[in-house]
1. Does Glu328 count as surrounded by fewer than 22 Cβ atoms within 10 Å (Cβ to Cβ), out of contact with any His (no Cβ under 9 Å at 6 or more places or on another chain) and more than 13 Å from Tyr248 (Cβ to Cβ)?
2. Tell me, yes or no, whether region 565-574 has at least one residue that is surrounded by fewer than 19 Cβ atoms within 10 Å (Cβ to Cβ) and either among the hydroxyl-bearing types (Ser, Thr, Tyr) or modelled with pLDDT of 95 or more (or both).
3. Tally up the residues in region 62-97 that are small (Gly, Ala, Ser) and either loosely packed, with under 15 Cβ neighbours inside 10 Å or in contact (Cβ under 8 Å) with a residue 60 or more places away in the chain (or both), please.
4. Would you check which residues across region 519-533 are surrounded by 18 or more Cβ atoms within 10 Å (Cβ to Cβ) and of a type outside the set (S, T, N, Q) and list them?
5. With respect to Asp529, is the statement that it is within 22 Å of Ser417 (Cβ to Cβ), of a type in the set (Asp, Glu), assigned by TED's automatic domain parsing to the domain that holds Val661 and in contact (Cβ under 8 Å) with a residue 12 or more places away in the chain true?
6. When region 505-527 is examined, which residues are found to be among the β-branched types (Val, Ile, Thr) and assigned to a strand (DSSP E or B)?
7. Is there a residue being buried (at least 23 other Cβ atoms within 10 Å of the Cβ), touching a residue at least 40 places away in the same chain (Cβ under 8 Å) and not assigned by TED's automatic domain parsing to the domain that holds Phe109 anywhere in region 151-162?
8. Quick one: in region 610-651, of everything that is at pLDDT below 85 and among the polar types (S, T, N, Q), which residue is surrounded by the fewest Cβ atoms within 10 Å (Cβ to Cβ)?
Amino acid sequence: MADTDTPRVSTPGATCAACGAPLSAGVLGGACPRCLLTGALDDASANTVLPPVATRLPVRFGEYELLERIARGGMGVVYKARHLRLQRVVALKMIAGGELASELDVHRFHAEAEAAARLEHPNIVPIHEVGEHEGHHFFTMRLMEGGSLADHMARLRGEPRRAAELMAAVARAVHHGHQRGILHRDLKPPNILLDAEGRPHVGDFGVARHLEKASLTQTGAVVGTPAYMAPEQAEGHVHGLTLAADVYSLGAILYELISGRPPFVGDTAAHVLQQVREAEAPPLHTLAPGVDKDLETLCHKCLEKQPARRYVSAEALAEDLERYARGEPILARPLGRGQRTWRWFLRHPLLAGALSVVAWLLVTTAAGALHVAHGQLQARREEVLQANTHAALTAAGAVLYQLDAYREAVEWAARDSAVIDGLRRKDTEALHRYLQQMDVDATLQRGLRLRDGSSPFSVWLVLDGDGLVRGRWPRSDENILGQSHAWRDYFQGAASTARKGGSAAYVSRGFQSVVTGKHLFAVSAPIYDAEHAWLGVVVAMSTTGPTLGRLRLDAPGELGQRGVLVAPVDAPRGGSTAFQRSELMVVVHQDLRPGETRVLDATTRERVRQALERAPRAGPESPQFPQWEQVVRSEAHVDPVRPDEGPWLAAFAPVGSTDYVAIVQTRDAAVFAPTRMLLEQLVLWSGLPALTGGALLVLSLWLVLRRARRRH
């Protein structure tokens, strides 16, 4: 008993009782370190004969006394040891093969120590010392008195919130390692150690990998423990592993804590690896009835086959675990029916293929029918657009003809001697009398009259060469006389014509009257004296509204067709706006009241500008009718006055060189009327079988899924 209970100390010159190797002074047990370690391990083989002295513990190992063996792994053995000088009890880990260990084993052993030593976290086992004694590499770490998590699985199974709190702490420790580039790769219950208070600590970084360094594992080699290994890790994708691999392992540990078994079990490691790669983990509630749905959702999110579908980090997992532990809603969402169906298809490829063929045939039939219907509909739309293009060209020509009549009347007034003499003498009363006569005398307006006999012009002005008002009809507040209208487009346009020596009338942009507040457009012409010296401008204004004089832009004979006339908006007082940046307003629309307008939306404005870019630029002296190639078409138009109606099919035609555009639009809903019978036939003969087949397919899928759930 004395020999077995009391360790023996070798003397100088002594040799090992087992192998005869020389012993150094101070070695306990009368055997060399290699024989001591070999004897301290469990029988590695039935054929191994261990020397009696090698089984005696405690023994001396350098500055440490090995008290008892705690655990053994694939590469190393762990002892409970006491530092003889500091009298500190620690866990001492050394390579199991001792001096026989390969260079690769030694490198990995030191890599583990290095990885653990660089991590300082309250839930990671701390490293105390790394060293070598007589060819045996070792390192020491804090001794965890509570054992490993594997020893407490049964107890924690009935405490889901406690398990969530524990795994949240582990996940934060793993995230700490991730932040420093350390991927653990072998997270499992035996590698999570508990201290005396039950706090978890992550240990055993034996196969950990530094993400910024080359791995010693050969490509295709599988490292880790199969039951807790991520699918991509089971495939041997060493260099492609991401932090999501550790997230999967954390989910597998949580799965076992709740259900009492890992997600996948099998008779052999190869069988387990195959399931990890190809199968879906059984729903947690089938192994742990009554499990909280949030906890099940959280766990299965970690076990997603695709790394991108797992939690983005171990920290995100920890936060959701903490939410669950506090009774708060988690962020992870359960799989929907569509996702579950897709995954069922992946697990049953033959049946899924058969169903897919049936579905393809049905969809192909329906698609063919819809293609025919779509072709018919597009053909009808093209017919409507062609008709609108012809109508827009006709409307633009009619507007140009009407505006030419307005221009002729204004040019006639500009050549009248009464206007010339009154302006030259600045005789306001004479100009007022003439303008009043113009308003009532159809002859002076070249016969222009509306259906009720009134003039199409609501205001007449005479401006001098500086743009000052010298005469106005209807006569209004005398303060209008002498005001400058030089900033108005109607004056600028006529003045530009005068500078070129021309006499053709100018059609202005739209504007709002400073006197009445109504919206108008104007026709203006330069006034010359007998020596052809430019004196000023005569202006005739017309209000916006449902018609342009007597001209209606609608085509009542065409179903749903509507005409619109738009024009650019004049610059504000004291400013100038280039045409490219000016707003565009409605001048004529059947739903406008006199003096009203609407500003165009951005999309319609862009199409109007496209039409104006194609407009002829011959000048007002020789106006040209628009051509077919100048028309812009749209299949998604919005009525500027009735934006709640539509959509419309529209054609945009420029009105000569006036910067006006005529729009002819047809309600898209009207397109469906001529093709309704065709669509009904297509649905009856093609769409109805497709819909019936689709319903049967959905019913079949529901039955298959229901049967699959019952089997689980």
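The values are calculated or read from the model by the stated rules, or taken from the named source; none is laboratory data. A quick note: this is a predicted structure, and the numbers were derived from the prediction, not measured. Note that each Cβ is placed from the backbone with ideal geometry, even for glycine, and that neighbours are counted across all protein chains shown.
1. Yes; evaluated as a whole, the condition is true for this residue.
2. Scanning region 565-574, I find no residue that is surrounded by fewer than 19 Cβ atoms within 10 Å (Cβ to Cβ) and either among the hydroxyl-bearing types (Ser, Thr, Tyr) or modelled with pLDDT of 95 or more (or both), so the answer is no.
3. 5
4. Within region 519-533, His519, Leu520, Phe521, Ala522, Val523, Ala525, Pro526, Ile527 meet the criteria.
5. Answer is yes for this residue.
6. Of everything in region 505-527, those that are among the β-branched types (Val, Ile, Thr) and assigned to a strand (DSSP E or B) turn out to be Val507, Val523, Ile527.
7. Taking every residue of region 151-162 in turn, none turns out to be buried (at least 23 other Cβ atoms within 10 Å of the Cβ), touching a residue at least 40 places away in the same chain (Cβ under 8 Å) and not assigned by TED's automatic domain parsing to the domain that holds Phe109.
8. The qualifying residue surrounded by the fewest Cβ atoms within 10 Å (Cβ to Cβ) is Ser622.
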